[in-house]
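Reading through the structure tokens given below for one structure.
None of the figures in this text is laboratory data; all of them are computed from the coordinates on show. Values in this document were obtained by computation on a predicted structure and should not be read as measured data. Glycine also receives a Cβ, built like all others from the backbone with ideal geometry; neighbour counts cover every protein chain displayed.
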Amino acid sequence: MTDLYAVMGNPINHSKSPQIHSAFAEQTDQPLVYSAILVPTDGFPAAVKDFFKGKGSGKGLNVTVPFKEEAFQLADELTARAQKAQAVNTLILTSEGSILGDNTDGAGLVKDLTRNQSTPLTNKRVLVIGAGGAVRGILQPFLQEQPSELVIVNRTFGKAQQLADEFKDLGPIAAKEFTQLADEAPFDVIVNGTSASLNGDLPPVPGSIISEETVVYDMMYGKEPTAFLVWASEQGAKTLIDGLGMLVEQAAVSFELWRGVAPDSKTVLASLRRQLQAS
């Protein structure tokens, strides 16, 4: 029987996960079918139970908005990074029949930066903008790369401070107010973990934190550069990266967890990029 995998979310029509995982499966000769499942906002636990325990042969799930926190509560076991993130984007049916929850978002972003973009994080000064679930998921993998400093800023300072307190056991992390950034030297890496730039909004960060050498990363992506990347370019940044690579790389980590085979993510990313630009 062919193994079944899927992504669950609401909305889900926009998801590129079926395309990505189908390409991985074809590339690695893995016998699986991957689909997208629209789940009612109050129906996630029932949908997961039906997928794993129902008539099908469900082996693994990706989880997207708005169910990542619910998936965290639902999993029988959690990886260390999922525990720290308090959010789960990957569910794995174990050989014992229990459901293991993991979070591959941060690992995907680190792989995109360090491997695809040749941007090491070790001994670098990193600024992360935002304090929501997306940011929570990347902090442990980032700190494991041993940056010299990781600064979080957020419109609600208290949320940034809470994250800094929660993750300070893992490395040099601090929360700052946006106004304090005016006194900072340019950062080596800046990550925008908010969705604001999709609406054309910009976080209130000063241009002085960017130099030509600053690598600027926006977790969002689209056919055109995001508002944040356009702004960063205007400040002189030369290396501008959107979140499409993170999307593909977090999927690759999930795929390897499920199947024990590492796919060639670079070819799939290049194909997606071509399609996005042609759309």
### Summary
From fewest to most C-beta neighbours within 10 Å, the residues S22, S17, S148 line up as S148, S22, S17
#### Entry: Exposure proxy ranking, count of Cβ atoms within 10 Å, fewest first, for R81, R273
R273, R81
### Task
Could you pull out every whole DSSP H run in the chain that spans at least 15 Å of Cα extent along its own axis and averages 0.5 or higher on the Kyte-Doolittle scale?
133-144, 244-259
### Message
Nearest 500 deg cm²/dmol is fine: what mean residue ellipticity at 222 nm does the chain get from its DSSP H runs of n ≥ 4 alone, each adding -39,500 (n - 2.57), divided by its residue count?
### Response
-11000 deg cm²/dmol
#### Entry: Evaluated over region 156-216, the Cα radius of gyration and Dmax, each in Å
12.7, 35
### Message
Between N123 and A46, what's the calculated FRET efficiency when r is the beta-carbon distance and R0 is 35 Å? Round to 0.05.
### Response
0.15
#### Entry: For region 197-279, size of Cβ-based charge dipole, Lys and Arg +1, Asp and Glu -1, in debye
340
### Message
Can you give the local net charge around E249? Use residues other than it whose beta-carbon is closer than 10 angstrom to its beta-carbon, Lys and Arg +1, Asp and Glu -1.
### Response
+1
### Message
Could you list M220, M8, M246, M1 so that the one with the fewest beta carbons within 10 Å of its beta carbon is first and the one with the most is last?
### Response
M1, M220, M8, M246
### Message
Given Cβ point charges of +1 (Lys, Arg) and -1 (Asp, Glu) and nothing else, what value in debye, to the nearest 20, does the dipole of the chain about its Cα centre take?
### Response
420
### Task
Determine ³J(HN,Hα), in whole Hz, for all residues of region 206-222 in sequence, where each value follows from phi through the Karplus function 6.51 cos²θ - 1.76 cosθ + 1.60 and θ = phi - 60°; x replaces Gly and Pro.
x, x, 5, 7, 10, 10, 4, 7, 5, 8, 10, 10, 10, 5, 7, 8, x
### Task
Enumerate the amide H contacts of T119 below 5 Å, restricted to partners 5 or more residues apart or on another chain; note that Pro and chain-start residues carry no placed amide H.
T114
### Task
Determine the distance separating the Cα centre of region 1-64 from the Cα centre of region 144-169; give it in Å without decimals.
33
## Note on the structure
Projecting the Cα atoms of A46, S57, N103 onto the charge dipole of region 20-165, where Lys and Arg contribute +1 and Asp and Glu -1 at Cβ, the residue farthest towards the positive end is N103
### Message
Need one number: convex hull volume per residue for region 106-242, Cα atoms only, in Å³.
### Response
96
### Task
Can you tell me which of 126-138, 160-172, 91-103 comes out highest on packing, and rank the rest after it, using the mean Cβ neighbours within 10 Å?
126-138, 91-103, 160-172
### Task
Work from the charge dipole of the chain (Cβ charges, +1 for Lys and Arg, -1 for Asp and Glu, about the Cα centre) and give the residue of T194, G245, G9 farthest towards its positive end.
G9
### Query
Among (i) 157; (ii) 128; (iii) 120, which one is volume of the Cα convex hull per residue in Å³ computed from these coordinates?
(ii)
### Query
Taking amide hydrogens as modeled 1.01 Å from N in the peptide plane, which residues meet the under 5 Å criterion relative to I152, leaving out close sequence neighbours?
V128, A174, A175, K176
